[in-house]
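For reference, the structure is listed below as C-alpha cells.
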Amino acid sequence: MKFYHIMGKAEKTRSYIIEKTAPIFNIKGYAGTSMNDITEATGLTKGSIYGNFKNKDEVALEVFEYNKKKMQDFFALEISRKKTYKDKLLTFPELYNHVFNGHFIDGGCPIMNTAIEADDTHPQLKALAKKAMLFWKDSLVRLINKGIEKNEFKSTTNADENALTIIALIEGAIMMINLTGKLDYHQSMMNTLRKVITAL
C-alpha cells in the first residue's frame with residue numbers, strides 16, 4: 001500500500017519560499033541576499049517569512065539543500081541512462097555545459113558557490129557544502145571502482161585520486177569562468193576532463 005504525503009498550508013508556504021529564493025541565494029550568495037530580496041521574490045511580507053523560518057540562516061540552509069538535490073537528481077538521472085561506466089563519467093563534462101551557461105541552475109554550481117562564500121563566515125553552510133562535496137567524491141569513486149571491476153578502466157587506476165581530479169577540473173573551470181567571464185575556458189577544461197576519463 002502506498003501512502004501519499006499531502007502538504008499542509010505551512011509546508012506549502014515554506015516550499016514556495018525555498019523555490020522562489022533558491023536562484024537568488026545561488027546568484028547573490030548568502031551575504032548578498034537581503035530580506036528585501038526574499039520578500040520581492042516571494043511577494044510575501046517579512047512577517048510571513050519569519051512565520052515560516054526563524055531567520056535568513058534557516059532559509060539559506062534549506063535553499064542550499066534544495067539546489068543541491070536539484071543538481072544531484074539532474075546528474076543521477078542522466079548517469080542512470082548510460083550503459084558503461086566510462087559513459088557515466090563522461091556525463092559530467094557533457095552536462096556541466098548546462099550548469100556553466102545557467103541553463104540548469106541560475107548562478108551555477110551551488111556546492112562551489114557555497115564552499116567559497118561560507119569558508120569562514122558561515123560554519124553551518126560550510127558543513128553542508130563539505131558534506132555535499134564528499135558525497136560527490138564518494139559517488140565518483142564508486143563509479144570508477146565499478147568500471148575497474150568491469151575491465152573498462154585499468155586495474156592500476158586510483159579511484160580516489162581520479163575522483164578528486166575530476167572534481168578539481170570541474171570546480172576549477174567554474175571558478176575561472178566566474179572570475180573572467182570567459183565561457184570558452186569551459187570547453188578547454190572539459191576537453192581536458194574528457195581526456196582524463198578516457199585515459200582511466
Provide a single number: the residues in the range 153-180 that are closer than 19 Å to Glu94 by Cα and in contact with a Phe, Trp or Tyr (Cβ under 8 Å, 6 or more places away or on another chain). 7
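Looking only at the range 12-62, filter to residues that are of a type in the set (Val, Ile, Thr) and assigned to a loop (DSSP other than H, G, I, E, B); which one of those is surrounded by the fewest Cβ atoms within 10 Å (Cβ to Cβ)?
So, considering only residues that are of a type in the set (Val, Ile, Thr) and assigned to a loop (DSSP other than H, G, I, E, B), the one surrounded by the fewest Cβ atoms within 10 Å (Cβ to Cβ) is Thr45.
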Being hydrophobic (A, V, I, L, M, F, W, C), farther than 20 Å from Ala168 by Cα and at pLDDT below 85 narrows it down to one of Phe25, Phe104, Phe53, so name that one. Phe104
Filtered residues of the range 50-68 (kept if farther than 11 Å from Ile18 by Cβ and free of Cβ contacts under 8 Å to residues at least 60 places away in the same chain): Tyr50, Gly51, Lys54, Asn55, Lys56
Within the range 119-151, of all residues that are closer than 12 Å to Asn162 by Cα and of a type in the set (A, V, I, L, M), the one surrounded by the fewest Cβ atoms within 10 Å (Cβ to Cβ) is Val141
Limited to the range 147-171, what total is found for residues that are in contact (Cβ under 8 Å) with a residue 40 or more places away in the chain, farther than 26 Å from His186 by Cα and of a type in the set (Asp, Glu)? 1
Based on this model, can you work out whether Lys86 counts as touching a residue at least 40 places away in the same chain (Cβ under 8 Å) and either over 23 Å from Gln124 (Cβ atoms) or not in a helix (DSSP H, G or I) (or both)? yes
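Right, Ala173: buried (at least 19 other Cβ atoms within 10 Å of the Cβ), part of a helix (DSSP H, G or I) and out of contact with any Asp or Glu (no Cβ under 7 Å at 6 or more places or on another chain) or not? Give the derivation first.
On the way: buried (at least 19 other Cβ atoms within 10 Å of the Cβ): yes; part of a helix (DSSP H, G or I): yes; out of contact with any Asp or Glu (no Cβ under 7 Å at 6 or more places or on another chain): yes.
Against the criterion (buried (at least 19 other Cβ atoms within 10 Å of the Cβ), part of a helix (DSSP H, G or I) and out of contact with any Asp or Glu (no Cβ under 7 Å at 6 or more places or on another chain)), Ala173 qualifies.
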Before we move on, is Met133 among the aliphatic types (A, V, I, L, M) and modelled with pLDDT under 85? no
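The values are calculated or read from the model by the stated rules, or taken from the named source; none is laboratory data. Predicted model, so just to flag it, every value in this text is computed and none were measured. Heads up, the Cβs are rebuilt from the backbone with ideal geometry, glycines too, and the neighbour counts pull from every protein chain shown.
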